[in-house]
Structures are given as C-alpha cells and as structure tokens.
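Only the coordinates and a few stated rules stand behind these numbers; no lab work does. Computed from a prediction, not measured in an experiment: that's the story for all the values here. Cβ coordinates were reconstructed from backbone atoms using ideal geometry, including for glycine residues, and neighbour counts include every protein chain displayed.
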Amino acid sequence: MFSNYFKTTFRSFSKYKSSFFINVVGLSIGMACSILIMLWVLDEFNRDRFYSDVDQIYQVMEHQHYSDNVGTTISTPGILAPALKEEFPEIEFAATYTWNSDLLFTQKEKSLKESGIYARPDFFHIFSIPLINGNINELINAPKSVAISEELASKYFPNENPVGKPITIDGDDVHTVTGVFENIPENASTRFDYVLPFEDWLVNNDWATSWGNNGPRTVVKLSENANITALNAKIKGYIKDRDEDSNVDLFVYPYSARYLQGNFENAQVVGGRIDYVRLFSLVALFILIIACINFMNLSTAKAGKRAKEIGVRKSIGATKSSLVNQFIGESMIITFFSLIVSVIIVQLTLPLFNSVTAKSIALDYLDPIFLLSLLVIGLVTGLAAGSYPAFYLSSFEPVETLKGKLKSKWGEIFARKGLVVFQFAMSVILIISSLIVYLQIQFVQSENLGYDKENLISFNIEGDLRSGSWDIFQQNVKDVPGVINISNASSGFLGRNSNTSGLSWPGKEADVDILFENIGADYELIETMGFEVIAGRTHSKEFGTDTAKIVINESAVKTMGLEDPVGSYITLWDDETEIIGVVKNFNFQSLHQEVEPLFFRLSTSPNFNGYVRISNNNIQQTIAQLERVYKEFNPKYPFDYDFMDQEYAALYRSEQRIADLSKYFSIIAIIISCLGLFGLSAFTAEQRAKEIGVRKVLGASVQNLVLLLTKDFTRLVIIGILIAVPISWWAMDQWLSDFAYRITLQWWVFVLAGIAAILVSWLTVSWQSIKAALANPVKSLKSE
C-alpha cells in the first residue's frame, strides 16, 4: 500500500512540475526563515544560561523613589556585597563588580588596550568560569593581582603558564597574574578579558564606600532553597537603615532574566528584548503560514486535474481515509524535501544573518534539540499545508468526477480567496512596519540633539595626561591647524553618567525629590560641544573662581520653577551655589527618554573624557597631528578616539538591526506570496483558456483580456491592504510610543506600501495573463 502511495505521489510530482517547484521554493524559503529566527530566538533565550547554578544567581538592584517616578538601576554602593553576605544566611556568595574599563596592558614590546572589570573574590565562586591555570581561592585576593582570559594569556605569554608572572597594567602598575580563565562566551551579558581586585579600584574611588553613593554592581548566589519573596522583604529597607536620606528599596532579580526582561517602569517589569523575541517569533509564524497557504491554494486549484484520478481510485474501493493519507503523505514528502533545501539555505545565509544580528550562531547537526526542532517544523508545516487539501480532494464524489461535472463550490472559492487576502495582508503589515522602523531610525540619527555632533572627537584622558600635563597638552592641541577647541568633562554625553538629588532651591517642597544629571566640566566645554547658551554665561577664567557656580539646562529651570534663574542661588550638597547660565536643552541620552534636568559644575582637574572640535577641512591631516601631539605627551598610550556622531549611532544599534531584519523578512514574505499568486494565476489562465479563446474570436483585445485576468487578483490584494493598514497603524503606534521623540505616522507610508504590493502583484500575474491573452484561440477551441 505504502509503495503504491509513493509511486502515485512521485507520478503527481512529475506530472505537475510547475506546482511542485513553486511549493518547494515557497516552503523552503519559509522554513529557512523560520529556522533562522528559531536559532536567533534560542540564542536570545540562552543568554547567560551557560553558567552552572544560574537559577541561583541574582542581581541586586535598587528601586529609587523620586517625586515624579521610580527609577530602577543595577548600580549599588560598593560596600553592599560583603555586608549582605555577612547578615543573610541564604546568600552563599556576594560580589561587587564594576562596568568594563579599557586599560593598557604591557608585556615586553607588546602594549595594547584590553577590556575588563574589577571584582571581589566571590565573583569567580558565583560565575562558574572554568579555570585553565590557577586556584579559584587565590585569583584576585591580593592587591596588584590579575586574572586573565585564555586569549590574553596566549597574546602576552605565548606557550607558557603565566601564573606568578608580572604584567604591567595602566602604564606603570605591575600586577601578578594569579589565574587564567576560559574565554567568556559570546552569549554572555558581561564579557571581559581580565579581572582586577575591587580593592584596587577603591583606592581612587573611595566615594563608593558610602551608603549614599551608587555605581558598582552587586551579584549574589543564593542557597538552593532560598525563599526569594522572603529575602526581598528582608533587604528592602537595608540601605535606608544605614542612610537616613536614602530613597532606595533593594531587591534581588534573576541574573539570567535581566537580558530579556530588564526594563522597569515605576518598579514594575515592562519588558525588554523579550518584546523583539515575541515579535520575530510571530514574523516566523506568519512567513511559514504564508508558505503553507501557497501549498493549500495550489493543491485545491489543481483539483480539477486530479478529479478523475480520485474518482477512479474511489470507484475501485479506495476509502476516504486512504486518500487523506495519500495526500497528506504527498504534503509530507514535499515538506521534508523542502526542509532539506531550507537547511542548505540556512547554512549558506548564516554568515550574512550573523553579520546583521551581531551573533555567532552556528548549526550543530549533532544537537538533539536542533534536530528535534527541525522535525517539529517539518511535521507541523506538512500537516498545516496538507490537511485542508487532503480532506478537500478526498471529499469528491466519484460519479461527478468521472462525468467531468466537478464544480467549485462557493465556500471553497471563498476560502481560497480568503487565504490570498490573508497572505497579502501579512505581507503589507511587514512592509509598512519595516518602512516605519526605518524612518524612525533615520529620524533619531538625524535629529538635532541640541549640539553639533559632527566633527567632534572624543577620547579618554589617561596616563600622563591625568598627572599634570593636561594644561600644556591642551594648549599644544589648540595650536594644531584645523582644531577649533578642546576641553574635557566627566560625562560621555551618551547616557546617564552621574546623577544626584542633592539640590534645594527657593520654594522647593520638603517631600520633592528630583534627580539631576551632574556633569563636571572644564572651561570651554560648553563652547567645544556647541551647546547653545540662552541666558547668562558659562564658566570662565575671566571671572575668577567659578567653583561655587553652576550652569543649568532648560529642563532644570522648568523643574525648579525659576522665572529668572541667572543670578539665583540654590543649595547643592549643603553649599550655597549660584546659577550663572542656562543652556538650551540637548539630548544626552537616547531619544527614548525626554531631556532630564542637569547642571554643569566647574571641574578643572582633568576628567576622564576629552573632546576636540575640528574643522571640516583636512580632517585626516588634523587627526594625524592630534595623534602626534598626544603621543608626545602620553607616549605609553595609543591615541584611541571616536567621532561623536558614530558613537551616537551606536545607541540605536539594536533598533537598526531590527530594521534590517524587518526589511529582509518583508521582502521574503512578499516573494513567497507572489510565488503563490504566480501559481494561481497560471492555473486560472489554464482553466479559462476556452473563455479567453471565445473572447478573442469575438474581438477582445489583449489589453482587455489582461485586465480581465488581473482584476480578480487585484481586488484580493486591495482587500488585504485595507485589512493591513489599521493593524499596522496600531502596532507601529505602540512601538513608537517607546520613544520620547518620534516621527508622526504619515498616510503616504501606508499608500506607498499598498501601491508597492499592487505593483508587485500585477508584475506577478501579468506575465501569465499576457501569455494567455496572446495564445492562439484555435488551440483552446479545437476540441469544441
């Protein structure tokens, strides 16, 4: 029986080559997209999951309560970890660690910048990072020690065990290597190539030892049976008990959940990258459904050609169930053949996909989860695509089919047209969405931030520049042709760096607590950055000491309710401070957030961030001379610089990748839809061949015949567009609501997407229509 099914199946494939080809291409592309998205989704879910006992690892976080909102942060006091470990028995290990720092590593003639962190010793007990050399209990216990990655070990100590050997870090500090750990995987949220003792960091950052200051991060490993709800209740007011001015509620949050669900709003989780995971899972499902619809439509459309075969089989005893099995079998054979083709497509396109998504995904053909996922995709697709055609074809009455009286029922025609409408509705939704995402990304990257980010260079102030030579260096840089100005600041102006609520002003209510961004600025910083002064002045050497004076932005003026802010006095950290100027609001964060209040305070000692404004002429020559001056004053360090416009664009790298993926998947969806439309138009033209022949004999022109054959499909595409427009309008308005500064949804975007869909459908159908209209009517009428 089964051999007969296979013979019949392959004869059908051989007889209907065009539909077989269209089905294979559509299903292969659809499943390839689904597999790629599945691999991306699995990689997203596996972020940080490679650590053993990961379900016991928790990030200690803060809910900071202010008058206007509750802010949630991973920044904590630098002394929190040992205190928690000592007082709460359910905490087995607790470690403080810092954000990544780029430090200069020097060994013999090799001198390069490396990225790593400072951490307390418990860090390696919490995160199960395999060691190649060294003892876990001796890694970063002593000052001036360092644990390095396998990559750094091979770079600076090739073919030898570096444990116990010295290496110079940050110019002249000699550290002893105490261990070598395996390279941190690509799917880790925190990646680093070295770990230094946290106590070394505290030497220059003693502010972190105060319960009222936040900065470093704290992570803990809990006992296996720890009650999280009870622990959060116990630690909630922990910092308030030690700092009477604190507005902080502590809590622990699963470390592995931060990547996907790390966005908080008023102390509640409101999503994160999980939103993109859900979105693209839905896109994968839509694309697969579109491919399955092609199969259904083509199978039912060619029903007339298989009607006599079905009638003969039924007349000699074939049951409905056996016919259902045969047709589902045909679907499964096509599907699994397409699955093999789709895996080949995935293998070929994976490098491009990794480039777009910034992933390092690889196919593991021995991974049982991957193989099981492929099997599930194949079975579900085969059943979804084949079930309706199987039951439809097997329901034919043998008498009608053998007499050639098979007629399509109204419900069947309606279902087939409805599937085409659904296909194009989904395709148009994807087209509109990708257009709006693209326009929003273009908007945020070209938006006037309140300063000129073009031809503005940022660099780190380190080494000898921090030990007294900055003023002379600054003057030498100003003498470089093409340099307009130079200054430095404590802020990178691409996110919140340091903030405080320690401000009071006349009329401030006692219970009002507002967070201000706090920027330490050297002279001429505001001029170098190009911030617009709208009242008063900036810090200037001409006015003597300005250390007790600040410059604020418009948002700060509004927050404090000052009608004439210049010359007003406020209290900053218990000291009387004069406001000497106001700058126009500028965006120092992503455009997801509104401009928040900030102030500039004078900081004449070199900060960590240097800025140089250069002219647009001979940029490369200017940079080369800047590097020469830099190396003259700071010979041990490379001149690493960035253009601010490029750094700003990096803020939206995630959205840009989403835009690229949306674009590619929209194109694929419309291609698959058009494949089905191409097949349907071919069958329609064949079924109406005699009608077309009669019309030609009676004088119908080619244009009239083409219009006749395309108008039905055009009507279906237009209905799909009308369904897609309100859905996509609502969905994209929801997505744009995450931006404080956003584009307005314009009608022309929806019209453009609709016109594009209609034009593509016309191009798809017209070839078959023209071919049918030009055919010799004698061939179609000779049997009459």
| What are the ³J(HN,Hα) values, in whole Hz, obtained from phi via the Karplus relation 6.51 cos²θ - 1.76 cosθ + 1.60 with θ = phi - 60°, for each residue of the range 720-727 in sequence order, with x given for Gly and Pro? | x, 5, 4, 6, 6, 4, x, 5
| Rounded to the nearest 0.05, what FRET efficiency is calculated for D43 and I671 with R0 set to 30 Å and r the Cβ-Cβ distance? | 0.75
| message | Through the Karplus equation 6.51 cos²θ - 1.76 cosθ + 1.60, θ set to phi - 60°, convert the phi angles of the range 25-34 into ³J(HN,Hα) values in whole Hz; use x for Gly and Pro. | response | 4, x, 5, 5, 5, x, 6, 4, 4, 5
| request: Residues in the range 502-531, backbone N under 11 Å from the label point at K558 (7 Å along the Cα-to-beta-carbon vector): list them, ranges by number please. | output: none
| field | Ascending count of other beta-carbon atoms within 10 Å, so fewest first, for S115, S555 | value | S115, S555
| Taking R0 as 22 Å, what's the FRET efficiency between S223 and A257 from their Cβ-Cβ distance, rounded to 0.05? | 0.70
| For the pair A267 and K155, what calculated FRET efficiency results from E = 1/(1 + (r/R0)^6), where r is the Cβ-Cβ distance and R0 = 35 Å, to the nearest 0.05? | 0.20
| query | Amide H neighbours of N485 under 5 Å, counting only residues 5+ apart in sequence or on other chains, H built in-plane at 1.01 Å? | reply | R613
| query | How are the C-alpha pair distances of the range 77-131 spread across 5 Å bins, as whole percents from the shortest bin up? | reply | 4, 17, 19, 18, 15, 12, 7, 5, 3, 1
| task | Show the residues, 5+ positions off or on another chain, whose built amide H is closer than 5 Å to the amide H of D173. | result | none
| said: Could you tell me the relative contact order of the range 456-648? Use alpha-carbon pairs under 8 Å, at least six residues apart, and round to a whole percent. | reply: 37
| query | Label K144 and K584 with points 7 Å out from Cα along Cα→Cβ: what is the distance between them in nm? | reply | 5.3
| field | Y276, Y630 arranged by Cβ crowding within 10 Å, fewest neighbours leading | value | Y276, Y630
| Considering only Cα-Cα distances, which of the following residue pairs are longer than 21 Å: K359/K663; K236/K508; K108/K155; K508/K558; K453/K478? | K236/K508
| remark: As straight-line cross-link partners of K17, the qualifying aspartates and glutamates (C-alpha separation under 18 Å, not fewer than 8 residues apart within one chain) are E309, E330, E686
| message | Straight-line reach only, C-alpha to C-alpha below 13 angstrom: list the aspartates and glutamates that K144 could link to, leaving out same-chain residues fewer than 8 apart. | response | D170, D172, D173, E199, D200
| request: Would you please classify the overall shape of the range 152-305 from the alpha carbon gyration tensor, given that a ≥ b ≥ c denote the square roots of the eigenvalues, rounded means a/c under 1.5, and beyond that prolate means a/b larger than b/c while oblate covers the rest? | output: oblate
| said: Taking amide H atoms as placed 1.01 Å from N in the peptide plane, list the residues 5 or more away in sequence, or in a different chain, whose amide H sits under 5 Å from that of N499. | reply: N518
| query | Once you treat every alpha carbon in the range 328-383 as an equal point and sum by Debye, what is log10 I(q)/I(0) at q = 0.18, 0.21, 0.23 Å⁻¹? | reply | -0.68, -0.85, -0.94
| Residue-span extension gain [I755 to D364] - 0.36 nm each, minus C-alpha spacing | 136.5 nm
| request: Provide Rg and Dmax in Å for the range 583-623, with only Cα atoms included in the calculation. | output: 15.1, 38
| remark: Applied in sequence order to the range 187-192, the curve 6.51 cos²θ - 1.76 cosθ + 1.60 (Karplus, θ = phi - 60°) yields integer Hz couplings, x standing for Gly and Pro, of 8, 9, 5, 10, 10, 7
| message | Around N187, under 13 Å between beta carbons, what's the net of Lys plus Arg minus Asp minus Glu among the other residues? | response | +1
| query | Along the charge dipole of the range 21-73, Cβ charges K/R +1 and D/E -1, which of S52, I22, S67 sits furthest on the positive end? | reply | I22
| message | With the cut-off at 1.5 for a/c, could you classify the range 581-667 from its C-alpha gyration tensor as rounded, prolate or oblate? | response | oblate
| message | Show me the chymotrypsin sites (Phe, Trp or Tyr not before Pro) within the range 501-591 that DSSP assigns to loop and that have at most 11 other Cβ atoms within 10 Å of their Cβ. | response | W573
| Peptide ranges 126-134, 54-62 listed from the most packed, as the mean C-beta count within 10 angstrom indicates | 54-62, 126-134
| request: Assuming a ≥ b ≥ c are the square roots of the Cα gyration tensor eigenvalues, decide whether the range 421-577 counts as rounded (a/c under 1.5), prolate (otherwise, with a/b larger than b/c) or oblate. | output: oblate
| Likely footprinting exposure, V25, V557, fewest C-beta neighbours within 10 Å first | V25, V557
| query | Modelled label-to-label distance, K234 and N100, 7 Å Cα→beta-carbon offset: nm? | reply | 3.6
| query | How would you order 211-218, 602-609 from highest to lowest mean count of nearby Cβ atoms within 10 Å? | reply | 211-218, 602-609
